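The values are calculated or read from the model by the stated rules, or taken from the named source; none is laboratory data. On a predicted model such as this, the values are computed, not experimentally measured, just so you know. Glycine gets a Cβ as well: all are built from the backbone with ideal geometry, and neighbour counts include every protein chain shown.
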Amino acid sequence: MDAFAVFRDRVEKTLINLYPELSEQEAVLRRFVVEPPRDASHGDLSCNAAMVLAKPLKSNPREIAQKIVDAFAEDADVEKIDVAGPGFINFTLSNSVWLSVVADANQKGADFGRPDNAPEGQVNVEYVSANPTGPLHVGHTRGAVFGDALASLMDFCRFDITREYYINDAGGQIAVLANSAFLRYREALGDEIGEIPAGLYPGKYLIPVGEALKDQFGDELISLNEEERVEKIRPVVLELMLDMIRDDLSKLGIKHDLFFSEASLHVGGNGGDIKQTLDWLREEGLVYQGQLEKPKGKTPEDWEDREQTLFKATAFGDDTDRALVKSNGDYTYFAADIAYHRNKYLRGFNTQIVVLGADHAGYIKRLSAAGKAVSDGQAEVDVKICQLVNLLRNGEPAKMSKRAGTFVTMAQLVDEVGPDVVRFIMLFRRNEAQLDFDFDLVTQQTRENPVFYVQYAHARACSVFRNVARDLPDLDVSLTALQNADLSKLSDPAEIDLIKSMAQFPRVIAAAAAAHEPHRVAFYIHELAGAFHAFWTKGKENPELRFVNHEDTTMTVARLAMVNAVRQVLRNGLGILGVTAPEELS
C-alpha cells in the first residue's frame, strides 16, 4: 500500500466531485502531488492541488483548499487536516492507516512496493558497452552497477525490460586488438617480442589469448599478411574478450539479455541498417548537404572544414547538426548511433536508457535528438552519465597493482572488497556526481560504512526472531501469525515513526523508477536502517519498547510483525540494488 498514492487518488476524486469539469482534464489533474511535508510538524502528507488548479479553475487557491478540507472532515483515516500558506493542504493520518501498511508489507512480502499493474511499452537499458579490447576497469564498474540496478528497479516496477550491451566492434580498435593479440601469439610460439610497440595494447590479459590462437591455428598465422591474419584473428579474439567481459560482470552478478554488435549495422540487405536509416532520413527531409561552422573553443576530432552529409539534429533539440559521412566515405560514429537507436525503436523500445561514462556528456542531446528523429517523436532516449570514481585509502589516492596494463580492473576491485560493497557504494551517490571509493571506510564495520549500516539493520531484525525462538520457543511467530497480529497494540509514537519510515518505500520506488535514479533506493534504505537502529536503541533505554515482552505475547507478535515489515522492505530494497541481505554478520 502506497499511502501517498492512495490519498492522491482520494484528493483527485474529491476534486472531480467538487468541480465536475475536471473529469475531462486528465493532464491538469496529473500536475498535483501528495508528498511528505518538508517540516514533519506540519503532518504526514502535504498536497499542492489547490495551487496547481487555481488557474484552470479560475478560483482562489485557499478557497479550493478549504473545500477539499471540508470534504475530508468526516474521513476516519484523517486525524487532522488544515490549510497552510498560499493553499497547501496538510493531512495528519490516523494510526490505522500506518498499521495497514505493516499488514500490507507482511501480506505481499517480496512484492511490497511493486505496482499492481505493468506499464505499457518496452524499455531497453544499454549499459557498460565498453570497447571489447580488454578487461573492464573501475570506470566501467560504476556504469555497470548503475545500469544493472536501474534495470532491476524498473523490472521490479513491472516494466518489460531488456538489458543490452552494445559491442563497439566496428572501429579500427578491433584491428589494433588483433595485431596486439598476434604479438602474444608469436610469444606463445616462442618468439621474443620485446617491448610492446606504442599504439598496441600492452596488457598481460592478452597472453592467454595468444595461447588460444596458437592452439587453434598452430603456426598458420605467421605466413599471412596483416590483412589476412586480422581477418582470421578478429572473430576469435573478439569472442575471447567478450568472454572476459562476461566473467568480469558475473563477479558483480550482472548478466545482459542481449549483446548487440555495432558491426552488424554495417552489413545485411540493402546496405545494412546504417544505409537504410540514412535513406529513410533523406526521405523524411532530415538529411542535407552543408558545411558546419567551426565550433567555438576546442575543435572536436570529428569536425571537418568541408561540405558534407549532415543530419538536422538541431530540429530535435541538439546544439548543432551532425555529420554522417566522413571524408573517406566511411560512416561517422553518430551515423551508427542513429541506426542503432532506430533499430531499437523498430524492435519495440519506446523508452531507451543509455548509460555512458563521464567523457560522454556531449552525447546527451545528440542521442536524444536521434531517438526523436527515428521515431517521429515516439521514443525517448534518456542518457545517464556516470561520473568518475576516485579510489582512496584513508583519504589518499589508492595504489594498486595494474596487472591489466594501465588501469585498475573491475575484477581487482571486487576481489578486494566483495560485490556487495562495490554495488552499494557505487549507488550511494547520484550518478552525475564524482564518487570517492575509500577502501578503508567501506570495509569497516561502523555506521560510517553505509553498506554495513544497512546490512546490519537487516541482520539485527533477523536476530530479533532468533531471540524470540530462544526465549519464547512456544510462541507462534510464523508468517501467518504475523499477518494476523493485533496491530492495534502498536501505538507508541516511536513505533508509528518507524512504520511511517517503512511506509515511504512504495513512493520512493515509483519516483526512482520514473526518474531513472536507483540511488534513491540506496538513500532510502539507508535512512530506514537508521530509523530501525534508532528504535533498537530506544528499546534498550526503555523496556516498554523492547521487541520481546514476556508478559504480553500479543504485543510481542505485533512488534514482530512490524520488525518483519521493516526487514522485508530492507530486503526488497537491497535486492533491487543487487546487494545481499544477510541474516547474520560476522
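Before moving on, here are some points about what is shown:
- Residue within the stretch 495-518 that is in contact with a Phe, Trp or Tyr (Cβ under 8 Å, 6 or more places away or on another chain), surrounded by fewer than 21 Cβ atoms within 10 Å (Cβ to Cβ) and more than 19 Å from Asn106 (Cα to Cα) present: no
- Restricting the stretch 131-187 to residues that are basic (Lys, Arg) and in contact with a helix residue (DSSP H, G or I) (Cβ under 9 Å, 6 or more places away or on another chain), the residue that is surrounded by the fewest Cβ atoms within 10 Å (Cβ to Cβ) is Arg186.
- Filter result (of a type in the set (Asp, Glu) and buried (at least 24 other Cβ atoms within 10 Å of the Cβ)) within the stretch 104-130: Glu126
- Set side by side, the residues Ala358, Ala315, Ala369 differ, and just one is within 32 Å of the chain's Cα centre (by Cα), more than 30 Å from Ala144 (Cα to Cα) and touching a residue at least 12 places away in the same chain (Cβ under 8 Å), which is Ala315.
Residue by residue, here is whether (1) crowded, with 23+ Cβ neighbours inside 10 Å; (2) in a loop (DSSP other than H, G, I, E, B); (3) in contact (Cβ under 8 Å) with a residue 60 or more places away in the chain; (4) at positive phi holds:
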{"residue": "Trp536", "(1), (2), (3), (4)": "no, no, yes, no"}
{"residue": "Glu544", "(1), (2), (3), (4)": "no, no, no, no"}
{"residue": "Val548", "(1), (2), (3), (4)": "no, yes, yes, no"}
{"residue": "Arg559", "(1), (2), (3), (4)": "yes, no, yes, no"}
{"residue": "Ala565", "(1), (2), (3), (4)": "yes, no, yes, no"}
{"residue": "Arg571", "(1), (2), (3), (4)": "no, no, yes, no"}
{"residue": "Ile576", "(1), (2), (3), (4)": "yes, no, yes, no"}
{"residue": "Thr580", "(1), (2), (3), (4)": "no, yes, yes, no"}
{"residue": "Leu585", "(1), (2), (3), (4)": "no, yes, yes, no"}
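- Some residue of the stretch 212-228 being under 19 Å from Asn168 (Cα atoms) and either touching a residue at least 12 places away in the same chain (Cβ under 8 Å) or buried (at least 20 other Cβ atoms within 10 Å of the Cβ) (or both): no
- Condition met for Phe428 (crowded, with 22+ Cβ neighbours inside 10 Å, under 24 Å from Arg571 (Cα atoms), among the aromatic types (Phe, Trp, Tyr) and modelled with pLDDT of 95 or more): no
- Highlighted here are the helices (runs of 4 or more DSSP H) found entirely within the stretch 376-459 that include at least 3 residues which are of a type outside the set (Asp, Glu) and touching a helix residue (DSSP H, G or I) at 6+ places or on another chain (Cβ under 8 Å): 410-417, 419-427.
- For Gly85, the requirement of being more than 35 Å from the chain's Cα centre (by Cα) and of a type in the set (Gly, Ala, Ser) is met.
- Looking across Ile64, Ile89, one residue alone is in contact with a strand residue (DSSP E or B) (Cβ under 6 Å, 6 or more places away or on another chain) and either among the small types (Gly, Ala, Ser) or buried (at least 21 other Cβ atoms within 10 Å of the Cβ) (or both). It is Ile89.
- Candidates Phe349, Phe407, Phe316, Phe311, filtered to the one that is touching a Pro at 6+ places or on another chain (Cβ under 9 Å) and surrounded by 18 or more Cβ atoms within 10 Å (Cβ to Cβ): Phe407
- Counting only helices (runs of 4 or more DSSP H) that fall entirely inside the stretch 1-77 and contain at least 1 residues that are touching a residue at least 60 places away in the same chain (Cβ under 8 Å), the qualifying elements are 3-18.
- Of all residues in the stretch 21-52 being at pLDDT 90 or above and of a type in the set (D, E, K, R), the one that is nearest to Asn95 (Cα to Cα): Asp44
- Hits in the stretch 517-532 - residues which are in a helix (DSSP H, G or I) and of a type outside the set (A, V, I, L, M): His519, Arg520, Phe523, Tyr524, His526, Glu527, Gly530, Phe532
- Residues considered: Ala514, Ala494. Of these, the only one that is in a helix (DSSP H, G or I), among the aliphatic types (A, V, I, L, M) and without any contact (Cβ under 8 Å) to a residue 40 or more places away in the chain is Ala514.
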